[in-house]
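The values are calculated or read from the model by the stated rules, or taken from the named source; none is laboratory data. As the structure is a computational prediction, the values presented were derived from the model and not from experiment. Glycine gets a Cβ as well: all are built from the backbone with ideal geometry, and neighbour counts include every protein chain shown. Surface accessibility is based on the protein's heavy atoms, side chains included, excluding ligands, DNA and RNA. Shrake-Rupley method; radii C 1.70, N 1.55, O 1.52, S 1.80 Å.
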Amino acid sequence: QVHLVESGGGLVQPGGSLRLSCAASGSIFSLENMAWYRQGLGNQREFVALITGGGGTNYAGSVKGRFTISRDKTKNMVYLQMDRLKPEDTAVYYCNAVNANSWGQGTQVTVSS
């Protein structure tokens, strides 16, 4: 069974940075490929970034060059470094264990002056 807990959200001004963390527990297979998604108010949940077991990464076009996904396998942690934040990045951010289709509870990120 997979358990995911996100943290690190908050209020930040445009142009600022935040780092989200996802503490994960579960089998090696379940946690091999990890992703971040987000859902803004009134919007559908959308893909943000993916990291594979081998360290390969993929990003949504809207965040490429500003966000960086990483992981620490020894600690079962996944991170999302978000730089040059924009108001349109405001959303609840969710950690996703792709192989198990499991989700965390989400963490709110608000970008506003």
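What to note about this one:
- Measuring between their Cα centroids, the range 79-112 and the range 8-63 lie 5 Å from each other.
- The modelled label-to-label distance between T57 and D72, using points 7 Å beyond Cα along the C-beta direction, is 1.7 nm.
- Computed over the chain with a Gaussian network model linking Cα atoms closer than 10 Å, the most mobile of A35, A60, A49 is A60.
- Gaussian network model of the chain, Cα within-10 Å springs - most flexible of T57, T74, T90: T74
- Two-decimal Rg/Rh across the range 57-113, once Rg and the Kirkwood Rh are taken from alpha-carbon atoms: 0.98
- Largest-first principal axis extents, alpha carbons of the chain, Å: 41, 25, 22
- Taking a point 7 Å from the Cα of K86 along the Cα-to-Cβ direction, the residues of the range 47-64 with backbone N closer than 20 Å to it are 47-50, 58-64.
- Computed with a 1.4 Å probe over protein heavy atoms only, the accessible surface of the chain comes to 52 Å² per residue.
- For M77, the shell of other residues with beta-carbons less than 14 Å away shows a net charge of +2, using +1 for Lys and Arg and -1 for Asp and Glu.
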